[in-house]
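First the structure, in the form of structure tokens, and then the observations on it.
The values are calculated or read from the model by the stated rules, or taken from the named source; none is laboratory data. Bear in mind that the values here come from a model prediction, so they are computed numbers and not experimental data. For neighbour counting, all protein chains shown are included, and Cβ atoms are generated from backbone atoms with ideal geometry for every residue, glycine included. Side chains are part of the model used for accessible areas, which takes the heavy atoms of the whole protein and leaves out ligands, DNA and RNA. Shrake-Rupley method; radii C 1.70, N 1.55, O 1.52, S 1.80 Å.
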Amino acid sequence: MASCVVTTSSFCTVSDSSIRLKSSKLVHLQRRRSLGSRGGLKVEAYYGLKTPPYPLDALEPYMSQRTLEVHWGKHHRGYVDNLNKQLGKDDKLYGYTMEELIKATYNNGNPLPEFNNAAQVYNHDFFWESMQPGGGDMPQKGVLEQIEKDFGSFTNFREKFTNAALTQFGSGWVWLVLKREERRLEVVKTSNAINPLVWDDIVCERVSLIFSCYKVMFPLDHMYFCCCCLQPIISLDVWEHSYYIDYKNERGKYINTFLNHLVSWNAAMSRMARAEAFVNLGEPNIPIA
Amino acid sequence: MAIRSLASRRTLAGLKETSSRLLGLRSIQTFTLPDLPYDYSALEPAISGEIMQIHHQKHHQAYVTNYNNALEQLDQAVNKGDASTVVKLQSAIKFNGGGHVNHSIFWKNLAPVKEGGGEPPKGALGGAIDTHFGSLEGLVKKMSAEGAALQGSGWVWLGLDKELKTLVVDTTANQDPLVTKGGSLVPLVGIDVWEHAYYLQYKNVRPEYLKNVWKVINWKYASEVYEKECK
């Protein structure tokens, strides 16, 4: 069965499972030959570093250009480069989408070495897109209604989000997620590289057995939404590297600034709309080829 | 009269209870931020004065303050017999108490170059390091590698296993003290690899911080602890 896997953060690969290994080796050889004149420089990349949807100085003065330069240009880029290095070693993890890769390498709580890099690439892509210049303020209509329904009030949501961010001991992330099965929003915190995608529960496992291809692809957008039970809507990076240059130890100030001036409720709105459409339309009836 | 004396005895008993409870509350030991035995800028260029000041006055102070708060809440919960609050407070105690313990050791693990910072260990500890790791360079290489590979926040330690009488290199996550990795482990040298320990100076290049921090490690203190524990 041929499958084409497309995201803007990975190269398009058409692979026939029976000749997958052979073709990848051919590609390596071709690359090596064409770059031979450069003294044997071998360049392979499976994932690319996506730029944030705004210039690096666009979030000033709330998040400095310097922070973006180091956070995106060094940390995020480092995760991408290291992931590519790991993926280049053998073909075992070849052909996964990013979400699949994260779940496969999470290995049910016993993570493989690739997990940290893969998850952090996803986490940072998601984070840059959770912010926008002129962000903050209040969400509108549908998102606001859902927040008020699930948290009581927007103020209550802010309090919960802030508290989670302050009490994430050590490095980690704070997420506003949509619980797919219960159709309600919740605030969750994760440590280090972990993200809500790895918290699939039994229901999703069963569903994936029924449909051999259970992923829904939205070709107009870069992000895959797979059948996982916690759909991330907004995230905040609370690793120290994300706020130290601008706020030093004052994580509370950083969190407030994020909620007041950076968080992109537009992004939240479109992510929720997609998640809800998926929920409302039910499981896709994809014919198994 | 009998009733009055009974009543007064009860009241006295009540008063005794309240006062001992009050005494109990007051008697929990609170902690204070220890002073650094050197100036903030004394460890330059290995660690900048700016980092040392924020690390000590803001981060360590926050651990101390929050630890005291958590202990007070714990004391109240224990006295009330509120088991679920007691359990709920454990993570805050582990985190903030661990932060205080670890940083108190860390400040003693560092010394300005002119006060012996970076001078290789002699005596018993020097010998033990050579036995277990081949050489000081071998130990430094191992600890730096483990420190660099640690994901997220944590510490890398050189510890003494009191029971087995061996040296160990280990890491702990977040603010977990070394003792969480083994009840008989005594920390000799701990290196903070939380980003706040190096970010302003080294940004994302943790290996560079780990290369330079050895120039200000106070092996004299580590030797003292080692010799004391080995008696």
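Which value, in debye to the nearest 20, describes the size of the charge dipole of segment B:46-230 about its Cα centre when Lys and Arg Cβ atoms bear +1, Asp and Glu Cβ atoms bear -1, and nothing else is charged?
Here segment B:46-230 has a charge dipole of around 200 debye.
Per the helix-only calculation at 222 nm, which mean residue ellipticity applies to chain B, given -39500 (n - 2.57) for every DSSP H run of n ≥ 4 and division by its residues, nearest 500 deg cm²/dmol?
Here the helix-only value at 222 nm equals -17000 deg cm²/dmol.
Give me the one-decimal nm value for the distance between modelled label points at A:Lys92 and B:Asn69, 7 Å along each residue's Cα-to-Cβ direction.
So the two model labels end up 4.5 nm from each other.
Starting from the 7 Å offset along Cα-to-Cβ, what nm value, one decimal, do you get for the label separation of A:Ala273 and A:Asn260?
Between A:Ala273 and A:Asn260, the label points sit 3.0 nm apart.
Taking 1 over the mean of 1/r across every pair of different Cα atoms in segment B:46-230, what Kirkwood radius in Å do you get?
Taking the inverse mean of 1/r over all distinct Cα pairs, segment B:46-230 comes out at 17.3 Å.
Show me you know the interface measure: the accessible area buried between A and B, both chains summed, probe 1.4 Å, in Å² to the nearest 100.
Buried surface at the A/B interface: approximately 1700 Å².
So how much accessible area does A:Glu186 have, in Å² to the nearest 10, using a 1.4 Å probe?
60 Å²
Order the following by accessible area, largest value first: B:Thr166, B:Thr131, A:Thr67, B:Thr180. Probe radius 1.4 Å; ligands, DNA and RNA are ignored. It would help to have the intermediate numbers written out before the result.
Details: B:Thr166 40, B:Thr131 110, A:Thr67 0, B:Thr180 75 Å².
Sorted descending by solvent-accessible area, the residues read B:Thr131, B:Thr180, B:Thr166, A:Thr67.
Give A:Lys92/A:Lys179; A:Lys253/B:Lys94; A:Lys160/A:Lys253; B:Lys88/B:Lys142; A:Lys50/A:Lys103; A:Lys103/A:Lys179 a once-over and call out the pairs whose C-alpha atoms are over 26 Å from each other. Could the numbers behind the result be given before it?
Values: A:Lys92/A:Lys179 32 Å; A:Lys253/B:Lys94 24 Å; A:Lys160/A:Lys253 15 Å; B:Lys88/B:Lys142 37 Å; A:Lys50/A:Lys103 21 Å; A:Lys103/A:Lys179 18 Å.
Among A:Lys92/A:Lys179; A:Lys253/B:Lys94; A:Lys160/A:Lys253; B:Lys88/B:Lys142; A:Lys50/A:Lys103; A:Lys103/A:Lys179, the Cα-Cα distance tops 26 Å for A:Lys92/A:Lys179; B:Lys88/B:Lys142.
Within 12 Å, Cβ to Cβ, of A:Phe126, how many net charges do the neighbouring residues add up to if Lys/Arg are +1 and Asp/Glu are -1?
Once positives and negatives cancel, what remains is -2.
What do you reckon, how do A:Trp265, B:Trp155 stack up by accessible area (1.4 Å probe), largest on top?
Ranking A:Trp265, B:Trp155 by accessible area, largest first, yields A:Trp265, B:Trp155.
With every protein chain present, what accessible area does B:Tyr221 have (1.4 Å probe, heavy atoms only), rounded to the nearest 10 Å²?
We get 50 Å² for B:Tyr221.
Over the heavy atoms of A:Thr155, what accessible area does a 1.4 Å probe trace out, to the nearest 10 Å²?
100 Å²
What's the FRET efficiency of B:Ala124 with B:Lys215 using the Cβ-Cβ distance as r and R₀ = 25 Å, to the nearest 0.05?
For B:Ala124 and B:Lys215, the calculated efficiency is 0.60.
Straight-line reach only, C-alpha to C-alpha below 17 angstrom: list the lysines that B:Lys203 could link to, leaving out same-chain residues fewer than 8 apart.
Cross-link targets: A:Lys74, A:Lys248, B:Lys211.
Straight-line reach from B:Lys162: which lysines have a Cα under 16 Å away, not including same-chain ones fewer than 8 places off?
Correct list for B:Lys162: B:Lys181, B:Lys228, B:Lys231.
Could you compute the FRET efficiency for B:Lys88 and B:Gln61, with r as their C-beta to C-beta distance and R0 at 41 Å, rounded to 0.05?
Step by step, r from the Cβ atoms, then E = 0.95.
With all protein chains present and a 1.4 Å probe, how do B:Val101, A:Val174 order by accessible area, largest first?
Working: B:Val101 70, A:Val174 0 Å².
Solvent-accessible surface, decreasing: B:Val101, A:Val174.
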